[in-house]
Amino acid sequence: LGTPVLEATSFTENGMRFPCDSAVKIDNPEGPVTLKQLTVVNNLCTGVEVSGGADATITDCTFRDNGGTGLSCFSSDCTVVRSQFVGNAYRGVSSNELVWVIDSLFLRNLDNGLYTYGGAIVINSVFAGNTGWYGAALDSSSAYVLNSVFFGNHADSSVAGKVVGS
């Protein structure tokens with residue numbers, strides 16, 4: 001796939017219910033992935049999935065009302081800047097690697113705003129009205145949070161934000 005760049009593009013009402021698949025899937029790119037000014041709205045399952053080891057930079061994107069996760073980063077670090085994750089049915093962002101989040105909004109996502117095994121660095125971001133079993137706003141193996149707002153998040157386990165590990 002080379003080094004994919006998707007810019008100023010809209011992905012709306014894509015996918016299949018079974019098997020559930022992503023509106024956009026970038027698998028095993030040779031170099032870094034750049035997503036800029038995307039609108040990913042009302043897709044049946046996950047909005048965008050990046051997997052296969054290449055880092056991804058997501059800037060000025062909107063992921064809203066998708067039937068699955070807004071953005072999934074598997075086997076790749078993700079840097080999210082000035083992006084919005086609103087009303088996604090299964091997480092705003094999900095990752096098994098490190099996620100940087102800067103100047104972004106996580107609003108009314110189900111089953112976590114941000115979920116990552118690889119740790120999170122969150123700067124100048126807002127998490128409001130997210131729900132989940134654990135860590136409604138942020139569920140991470142480790143996290144560094146600076147100058148961010150967490151408001152009105154609700155976890156069924158009575159833990160609105162969960163960070164485990166060191």
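The values are calculated or read from the model by the stated rules, or taken from the named source; none is laboratory data. Everything numeric here is computed off the predicted structure, so don't read it as measured data. Cβ sites come from the backbone with ideal geometry, for glycine too, and all protein chains shown count toward neighbours. To get the accessible areas, we keep the full protein, side chains included, count just its heavy atoms, and leave off ligands, DNA and RNA. Shrake-Rupley method; radii C 1.70, N 1.55, O 1.52, S 1.80 Å.
Couple of notes before you dig in:
- Region 105-163, residues that are among the β-branched types (Val, Ile, Thr), at pLDDT below 95 and over 13 Å from residue 91 (Cα atoms): 159, 163
- Here residue 131 meets the list (1) open to solvent by 10 Å² or more (accessible area, probe 1.4 Å); (2) out of contact with any Leu (no Cβ under 6 Å at 6 or more places or on another chain); (3) not small (Gly, Ala, Ser) almost entirely, failing just condition (2).
- Considering (1) in contact with a strand residue (DSSP E or B) (Cβ under 9 Å, 6 or more places away or on another chain); (2) open to solvent by 10 Å² or more (accessible area, probe 1.4 Å); (3) over 24 Å from residue 30 (Cα atoms), the lone condition that residue 136 does not fulfil carries the number (2).
- Annotation note: of 126, 122, the sole residue that is open to solvent by 50 Å² or more (accessible area, probe 1.4 Å), more than 19 Å from residue 74 (Cβ to Cβ) and not hydroxyl-bearing (Ser, Thr, Tyr) is 126.
- Top-ranked residue in region 55-74 [being open to solvent by 10 Å² or more (accessible area, probe 1.4 Å) and either free of Cβ contacts under 8 Å to residues at least 40 places away in the same chain or out of contact with any Lys or Arg (no Cβ under 9 Å at 6 or more places or on another chain) (or both); ranked as farthest from residue 3 (Cα to Cα)]: 65
- Test for residue 93: is it modelled with pLDDT of 95 or more and among the β-branched types (Val, Ile, Thr): yes
- Taken together, 29, 19 contain a single residue that is over 18 Å from residue 94 (Cα atoms), open to solvent by less than 20 Å² (accessible area, probe 1.4 Å) and outside any strand (DSSP E or B), which is 29.
- Residue ID - least open to solvent (accessible area, probe 1.4 Å), chosen from residues in region 32-54 that are among the polar types (S, T, N, Q) and in a strand (DSSP E or B): 51
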